[in-house]
Amino acid sequence: MKCKKCGMENRIGEFFCSKCGANLEDEMIKEAARTLIEKLGVLLPIIATVITVAICSLLLIPSKISLAQKRKEAKAAREVASEQAQKESIARRAEEEKKDAAEEEAEKKALRSEC
């Protein structure tokens with residue numbers, strides 16, 4: 001650590017200058033504070049970004065789940081509607097066949113009665 005009074009380079013951790021005897025403790029505290037501020041200056045934006053991404057992720061996960069659930073429900077509703085339409089179509093065809101058979105039977109009876 002460099003002495004502010006005489007410029008002598010001292011070993012880190014020395015409390016007094018080895019040349020002039022000036023107090024280095026205040027300078028060590030100031031330098032430690034500067035170093036901490038520099039590190040925080042770099043880390044704070046990173047920490048803020050990580051927190052922001054985490055919060056956004058937590059907010060988006062439920063909406064993704066609900067969207068997937070809505071898609072499943074819509075697909076199930078379409079399948080039910082399709083099955084219902086098929087059943088109705090089969091029932092109509094059966095009714096038409098029954099009606100046709102009844103008409104055919106009536107025609108046969110009419111022909112028999114004519115003979």
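Read-outs throughout are calculated quantities, based only on the coordinates presented, and are distinct from any laboratory measurement. These numbers come from a predicted model, not from an experiment. Neighbour counts are summed over all protein chains in view; Cβ atoms, including those assigned to glycine, are modelled from backbone coordinates with ideal geometry.
Between the amide H of Phe16 and those of Leu24, distances stay under 5 Å, these residues lying 5 or more places away or on another chain, with hydrogens modeled in the peptide plane. When its C-alpha radius of gyration is set against 2.2 N^0.38 Å (N residues), the range 11-67 gives a value of 2.21. Percent of C-alpha pairs per 5 Å bin in the chain, short distances first: 2, 9, 7, 6, 5, 5, 5, 5, 5, 4, 4, 4, 4, 4, 3, 3, 3, 3, 3, 3, 2, 2, 2, 2, 2, 2, 1, 1, 0.
Can you tell me the dipole magnitude for the chain around its Cα centre, using point charges on the Cβ only (Lys, Arg +1; Asp, Glu -1), in Debye to the nearest 20?
The calculated dipole for the chain is roughly 820 debye.
Each semi-axis of the equivalent ellipsoid for the range 35-98 is √(5λ) with λ an eigenvalue of the Cα gyration tensor; in descending order they amount to 62, 5, 4 Å.
For the chain, modelled as a GNM whose springs connect Cα atoms under 10 angstrom apart, the maximal fluctuation among Ala68, Ala33, Ala54 occurs at Ala33. With point charges of +1 on the Cβ of Lys and Arg and -1 on the Cβ of Asp and Glu, referenced to the Cα centre of the chain, which listed residue (Ile51, Gln69, Ala91) lies farthest in the positive direction of the dipole? After comparing all options, I get Ile51.
Once the Cα atoms are used to define both axes, helix 25-114 deviates from the longest principal axis of the chain by about 0 degrees. A straight Cα-to-Cα reach below 24 Å connects Lys98 with the lysines Lys87, Lys108, Lys109, residues fewer than 8 places away in its own chain not being considered.
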